[in-house]
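Here is the structure we will look at.
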Amino acid sequence: MTELALYLPVDVRRIDTAAIEHCGIPAYRLMQRAAAAAYRELRRRWPTAGRVVVLAGSGNNGGDGVELARLARADGVNVHLVLNGDPAQLSGTAADAWAAWQADGGEDPVAVPDDLHADDVVVDALFGTGLSRAVDAEPAQWIAAVNATGCPVLALDCPSGLDAATGEVLGVAIRATVTVTFIARKLGLYLADAATCVGERVFADCDVPIEAFDAVEPVARLLDDGALRLAWPPRSPQQHKGHFGHVLIVGGQAGMPGAVLMAARAALRSGAGLVSVATHPAHAALLPLSQPELMSHAIGDPAELATLIESATAVVCGPGLGQSDWARGMLKAVCAAAEDRTVVLDADALNLLAGSPVDLPRQCVLTPHPGEAARLLGATTATVQADRLRALSALVTRWGRIVVLKGAGSWIGAPGSLPALCTAGNPGMGTGGMGDVLSGMLGATLAGPAREAPVESVVEGTVVAHALAGDEAAVRQGQVGLLPSDLIDALSRIVPRP
C-alpha cells in the first residue's frame, strides 16, 4: 500500500523526520540514499552522457543534487555543478553534502550555468517539494534556458516550479524527462499541470522503514494493473453464461441509438453472459442487426422496465438517454425497481439527476465527466477541473455513492474509502462515446462473477482496464482519430484471461 499511496509534501516531511528521529537513520544517510537512487536512474537512461549539469538550490533538494554530483564525479563523469547561493550558507544535510563534495576534491561550483547543449543531461535540484511561491530571478531564467534547450532532464523529488501538493506551476517549471521522487509519492506529481512537467515518474523508497509512516495517513492511492483481476476473477470449466451475469442497458432516445449500442458491445467484450438493451421503440429492431448477440426491447412506457430489471444482475442507465419526459421516466423506473441490483448511472441519467434528484439504489455507481460533475455539484466545469480530488470528495459527500470522475487521470471515490487515481489513458480518448464504453464495461463486471467482490474494487479494476485498452488502441491506431470501437476491439488484449 505504501508504494502506491499518495501523500501531501508536508506529511512526507513528517515521515522523513520519523525516519531520522524514531528509526535511527541519520539525515545525511537518507540524502545519500536518495542521491544514489537518482544517480542509478541517470546512468541507466543516459550511460553515455557527455556532461551532467547539476542545478542545485540552497536547501535539502540542492544537497541531493550536490551529493549526486559527487557520485557522478567519482564515477568519472564530466560534472558541471551550478549552485544558486553561497556554499558557506548551506546548512544541515546540504552542508554535509557540500563538505563531502569538497573532501572528494570537487571544484567550487559556478553561479551561472554556461551554455547548455542538447547532449547534456541536466539534473534539476533547485527547489524540490518545498516551493510555495512563484519562481523568479535567476532560477526562473535557468529553468527557461533548460526548457528551451530541450536537453534531457532528471528532476530530483519534484520538478522545480511545480507545487508538489497541487500540481500547479508556480510561474515557470522544469519540464523533466524523468522525475525520481523519494520516500513517498507526492500528490502534486499526479495533478493539474504535473503531466507536462514530471515526465516519467520513478519512485525510490530510500529503504525507509514502514514504522516511519505510522503517524501519517495518505490522501489518496494509485491504481495499477493488479486491480484487473478483482474485476475479472479466474473462470472455471464448470461455469456457463448464467455465471457471467445479465446486463440490462437502458438508453437510446429516439434518433440516438449509437451510445447504447457501444455500451452493449463493450459489455459483451467485457465478458457478460447476457446483454439486453431497453431502448426507444423507434430503433429497437435495428440494434440486433448491428450486434446480433444483443437482446433488444422496445420500451414505450417506462413501467415496462420492471420485468426486465428483475431478470438482470446489473443495470446501466444513461447512454443516449436524452432528457425528455420519456428519459426522465426511464431513470425513475430504474431507480425504483433496481434497489437490490447494482446500477451504473452515466451521461444523461446524470444530467437528469442533477436537475431533478431521485432516490438512488443502495449499490449505485455515478460516472460523470467534468461537465456532468459540475452539474451534479451546482458548480462550473472550471471549478471541478481546478481541483479534481476536491470535486470527487464533494460528489461522494453530496450523493453518498461510488463516483468515477472521468478525465485525464480518472478518480474513484466511495464513502469512507481512500480515493484512488488511475493514471493510464491518453488524450486520444477525448472523444464522444468513450464514456459509454466504460459504462458498458462496468455493467459487465458488476453483473458477472466479480459481483461477489466489493463493488468499489470491481469499479477500480474496470476503470484501469478501460484506460489500458485506450493506451493499447492508441499504440496500434494512433491517438488522433482514436474511436471508442477501437478501444472495444482492444479489450481482448487487456482483460485477464481465465
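The table below lists the values:
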read-out: Qualifying helices (runs of 4 or more DSSP H) (wholly inside segment 381-498; at least 2 residues being in contact with a strand residue (DSSP E or B) (Cβ under 6 Å, 6 or more places away or on another chain) and surrounded by fewer than 16 Cβ atoms within 10 Å (Cβ to Cβ)); value: none
read-out: Leading residue by the ranking (surrounded by the fewest Cβ atoms within 10 Å (Cβ to Cβ)) among those in segment 324-374 that are within 20 Å of I299 (Cβ to Cβ) and among the charged types (D, E, K, R); value: D325
read-out: Enumeration of residues in segment 311-325 that are among the acidic types (D, E) and under 26 Å from the mean Cα position of the chain (by Cα); value: none
read-out: Pair list, Cβ < 7 Å and 6+ apart or interchain, from segment 218-242 residues that are within 11 Å of G461 (Cα to Cα) and part of a helix (DSSP H, G or I) to residues that are polar (S, T, N, Q) and open to solvent by less than 40 Å² (accessible area, probe 1.4 Å); value: L230/S457; A231/T445; A231/T462
read-out: Hits in segment 135-185 - residues which are under 13 Å from V122 (Cβ atoms), small (G, A, S) and outside any helix (DSSP H, G or I); value: G150, A155, S160, A176
read-out: Helices (runs of 4 or more DSSP H) enclosed by segment 1-103 - at least 1 residues per element that are closer than 29 Å to D224 by Cα and either open to solvent by 60 Å² or more (accessible area, probe 1.4 Å) or in contact with a Ser or Thr (Cβ under 6 Å, 6 or more places away or on another chain) (or both); value: 9-21, 27-45
read-out: Complete set of residues in segment 160-172 that are free of Cβ contacts under 8 Å to residues at least 40 places away in the same chain and either open to solvent by less than 10 Å² (accessible area, probe 1.4 Å) or basic (K, R) (or both); value: G161, L162, G167
read-out: Failed condition for L261, given (1) surrounded by 20 or more Cβ atoms within 10 Å (Cβ to Cβ); (2) farther than 30 Å from R497 by Cα; value: (2)
read-out: Tally, over segment 30-66, of residues that are within 14 Å of W98 (Cα to Cα) and either free of Cβ contacts under 8 Å to residues at least 12 places away in the same chain or polar (S, T, N, Q) (or both); value: 4
read-out: A278 assigned to a strand (DSSP E or B), open to solvent by less than 10 Å² (accessible area, probe 1.4 Å) and small (G, A, S); value: yes
read-out: Which listed residue is on the phi > 0 side of the Ramachandran plot and not aromatic (F, W, Y), from A354, A347; value: A347
read-out: Candidates L308, L294, L287, filtered to the one that is in contact with a Leu (Cβ under 8 Å, 6 or more places away or on another chain), closer than 22 Å to L366 by Cβ and surrounded by 19 or more Cβ atoms within 10 Å (Cβ to Cβ); value: L308
read-out: V135 vs. criteria touching a Phe, Trp or Tyr at 6+ places or on another chain (Cβ under 6 Å), within 23 Å of L189 (Cα to Cα), hydrophobic (A, V, I, L, M, F, W, C) and open to solvent by less than 80 Å² (accessible area, probe 1.4 Å); value: no
read-out: Qualifying residue in segment 209-216 (condition: part of a helix (DSSP H, G or I), without any contact (Cβ under 8 Å) to a residue 24 or more places away in the chain and open to solvent by less than 70 Å² (accessible area, probe 1.4 Å)); value: no
read-out: Output for segment 174-206, where each listed residue is farther than 22 Å from L30 by Cβ and of a type in the set (S, T, Y); value: T177, Y190, T196
read-out: Selected residue [farther than 19 Å from L223 by Cα, of a type in the set (D, E, K, R) and at pLDDT 95 or above] from R375, R451; value: R375
read-out: First in segment 186-207 and modelled with pLDDT of 95 or more, second anywhere and open to solvent by less than 40 Å² (accessible area, probe 1.4 Å) and aromatic (F, W, Y), Cβ under 6 Å, 6 or more apart; value: A204/F182; C206/F182
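The values are calculated or read from the model by the stated rules, or taken from the named source; none is laboratory data. What you see is a predicted model, and the numbers here were worked out from it, not measured in a lab. Here Cβ is always computed from backbone atoms with ideal geometry, including for glycine, and neighbour counts include all displayed protein chains. All accessible areas refer to the heavy atoms of the entire protein, side chains included, with ligands and DNA or RNA removed. Shrake-Rupley method; radii C 1.70, N 1.55, O 1.52, S 1.80 Å.
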